[in-house]
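Take a look at the structure below.
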Amino acid sequence: MHENKTNFYTLLELAFSGRYNHQRPEESFTPYLGTQVRLVRLGKGSPFINSGLPLNKIYLLLSGRCYIVKYSVDGKSIIADTMYPVQLFGLYEMLDHTQVYRATVTAASDCCLLEISAAYFRECLNEDIKTCLLTLEYLAGVMEQSISKSDRTLFNTALQNLVLYIHQQCRGVTLPHRLAISRQTLSEELNINLRTLYRYLDKLKEENLILVERGKILVGPDQFARLDQFVGELSP
């Protein structure tokens, strides 16, 4: 494992900054790849991490979205979360010395990821202070998002959480934006009864906070402005 650790830091910095073409990540990342880090593309529905299997790779999501799938004691699968770029999978298990993955991760759409040797990632953290600090900054950001999500669950109504979720998915993207997530997945992710979710979506459509096109939630500039105002009124 004698690859250039400066290249690995550059890969992480480039990914976390978002300064790359999300449609063609190869253009930005290929010059810095090596035997310990490679770029992979996966089709929708492809699992790339399986719960209980040995942890030997860390994955960094560059484009697309992924489902984190967990299983109940009776074997029923549930979608615990939907993840968007940029996310690291397997990092927590590696840092607390867990030998196996704790959840299954599946591509919810066509995805592009960096596949990193877990042993190499740990070596870079141990030997390169810049990589270590960059990873800590990433973890701090994830913790902040987690706390914010927990606060929303505690203090907001289910309808407010739905509006916040839609607003978040439309920030920083070209409008109009179509949410690819299904009603069933949205119901599971926000812990809202499916029938209640349909009622909430009808209400949001009536109030021109969303549009519905071919069964998908669509947000145009007018709808986003209304969502923005709604979210602003929720802020303390």
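Every number in this text was worked out from the coordinates using simple rules, so none of it is lab data. Since the model is a prediction, treat every value here as computed from it, not as a measurement. A quick note on method: Cβ atoms are made from the backbone with ideal geometry, for glycine too, and the neighbour counts reach across all protein chains shown.
General observations
- Nearest-20 debye value, the stretch 152-232 charge dipole, Cβ charges on Lys, Arg, Asp, Glu: 140 debye
- Ordering Ile147, Leu113, Gln223 by Cα displacement along the dipole of the chain toward the positive end leaves Gln223 in first place; charges were set at the Cβ atoms of Lys, Arg (+1) and Asp, Glu (-1).
- The order of Thr174, Thr104, going from fewest to most other C-beta atoms within 10 Å of their C-beta, is Thr174, Thr104.
- Selected from Phe155, Phe89, Phe48 as most flexible by GNM, with the chain as the system and alpha-carbon contacts under 10 Å: Phe155
- Considering only the Cα atoms of the stretch 169-233, their convex hull presents on average a projected area of 4.5 nm².
- Relative contact order %, the chain, counting alpha carbon pairs below 8 Å whose residues are six or more apart: 18 percent
- Ranked for footprinting exposure by Cβ neighbours inside 10 Å, fewest first, Arg195, Arg65 give Arg195, Arg65.
- Long-range HN-HN contacts of Gln87 with modeled amide H, under 5 Å: Leu61
- Averaging 1/r over each pair of different alpha-carbon atoms in the stretch 97-206 and inverting the result gives 17.5 Å, the Kirkwood hydrodynamic radius.
- In the stretch 111-235, a dipole from Cβ-located charges (positive for Lys and Arg, negative for Asp and Glu) runs towards its positive end, and of Leu136, Thr185, His167 it is Thr185 whose Cα lies farthest in that direction.
- In the stretch 1-49, trypsin sites (Lys or Arg not before Pro) in a DSSP loop with at most 13 other beta-carbon atoms within 10 Å: Arg19, Lys44
- This ranking places Met143, Met83 by how few other beta-carbon atoms lie within 10 Å of each, fewest first, which gives Met143, Met83.
- Dipole moment magnitude, nearest 20 debye, the stretch 5-150 about Cα centre, only Lys, Arg, Asp, Glu C-beta charged: 340 debye
- Charge dipole magnitude, Cβ of K and R +1, D and E -1 - the stretch 77-221, Cα centre, debye nearest 20: 740 debye
- Pairs of alpha carbons in the chain whose separation is greater than 29 Å (percent): 35 percent
- Note on the chain: GNM, Cα springs under 10 Å; of Cys66, Cys124, Cys112, the largest mean-square fluctuation is that of Cys124.
- Ranked by the mean number of other Cβ atoms within 10 Å of their residues, highest first, the peptides 198-204, 91-97 fall in the order 198-204, 91-97.
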